[in-house]
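First the structure, in the form of structure tokens, and then the observations on it.
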Amino acid sequence: MTAPRITLAVLAYNQSSCIEAAVGSALAQVCEPVEILLSDDASTDDSFARMAALAAGYRGPHQVSARRNERNLGVGGHYNEIVRLARGSLLVTMAGDDISVPQRVARIAAAWDDSSGRLDLIASHLLDMTPAGRLEGMLRVDDLSRWHGAADWARARPYVIGAAHAFTKRIFERFGPLDARLTYEDQVITFRALLSGGARTIDEPLVQYRRGGLSAGAPSRAERRAHAGTMNERQLIEHEQIERDARMAGMLDVVGPAIERNGKRLRYFDRLLAAPDLAARWRIFAASNEVPWGWRWRKFWASAGSR
């Protein structure tokens, strides 16, 4: 069987209530024959069983298969596994709770062909979808064609949403796998593409992007502090990955100052969160003159909370 040049991957984890709509939108793509890889990250619900049943019942032009990880790999590890398994040179990805419009893959393929296969990432805008499936307008991302390389990225990171991304397998061959601890892949893959063949944003929404569920109530002070710590840890992991990729591409001298500015802020907040008491946090605040005063002060108060 001839390998298609494009793989559409549906990445699922505990999304039983909406996985059939997501997979249905993948199977309904009106485009050249592609590989459709339905991949489950060791869900504890019946997401995989539903995916497997849809794959088994599919009759159409695309090559469809369902598989699951033996253990939960998380976002970074799951992406690495998808890249390893995909037979296509261009990977179009979607989450198990989102919906791709029928022309999504065709529009991405056309944009890739227009660049003669040069582009390493193709994005689009998205449609904002509530957890219940109601559409509430468009989510616009940055026009990535305005970023021409490392210097542009260092000046201003683009606003991106990975749920509407397609990227080439070759950027993983160049930079290697993602840090398995990554929980957000979009900025790292965008950075890799801008250091390679470039990126473009299609000026239309091609994905219905489902928001996360709402909190059952107002979080406590301690919960806010714990959430801030988790988010800072995730950003530190992303920071380390971007720094490694810049060094590998020989671009650390170009993006290094911007990376280090961000790193100083993240490490400062990390130290605050690890401090045992108010006096220790105050000493960290006073000694961290490398961090802008206003940002330093806001994070000082954000680090407060019961331990």
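Taken together, the values in this text are just the output of simple stated rules run on the coordinates, not laboratory data. These figures come from a predicted structure and were not determined experimentally. Cβ coordinates were reconstructed from backbone atoms using ideal geometry, including for glycine residues, and neighbour counts include every protein chain displayed.
Label-to-label distance for ASP113 and ASN72 is 4.2 nm, based on points extended 7 Å past Cα in the beta-carbon direction. For the chain, a Gaussian network of Cα nodes joined below 10 Å ranks GLY176, GLY96, GLY149 by mean-square fluctuation, and the top entry is GLY176.
Amide H contacts of THR201 (H built 1.01 Å from N, in plane; Pro and chain starts excluded): ALA123, LEU144, SER145 sit under 5 Å, all sequence-distant by 5 or more or on other chains. Dividing the summed -39500 (n - 2.57) terms of all DSSP H runs of n ≥ 4 by the residue count of the chain sets its mean residue ellipticity at 222 nm at -13500 deg cm²/dmol.
Can you give me the angle between helix 278-287 and the longest principal axis of the chain, using Cα atoms only, in degrees from 0 to 90, rounded to the nearest 10? Its long axis makes an angle of about 90 degrees. Every Cα-Cα pair in the chain was counted, and those over 28 Å apart are 44% of them.
Against the chain, whose longest principal axis comes from its Cα atoms, helix 221-248 is set at around 70 degrees.
Among SER196, SER39, the ranking by other beta carbons within 10 Å of each residue's beta carbon, starting with the fewest, stands as SER196, SER39. Think of the chain as having a plus end and a minus end, set by charges on the Cβ of Lys, Arg, Asp and Glu; of TRP295, ALA163, HIS62, TRP295 sits farthest toward the positive end of this dipole. Charge dipole (Cα centre; +1 on Lys/Arg Cβ, -1 on Asp/Glu Cβ; no other charges) of the chain amounts to roughly 940 debye. Expressed as an acute angle from 0 to 90° and rounded to the nearest 10, what is the orientation of the C-alpha long axis of helix 293-302 relative to the principal long axis of the chain? Between the helix axis and the principal axis of the chain, the angle is about 80 degrees.
Using 13 Å as the cut-off for backbone N distance, which residues of region 229-272 belong to the label zone defined by a point 7 Å from the Cα of ALA151 along Cα→Cβ? Backbone N within reach: 254-255. Note on region 6-210: antiparallel DSSP beta bridges, both residues inside, total approximately 25 percent of the bridges counted.
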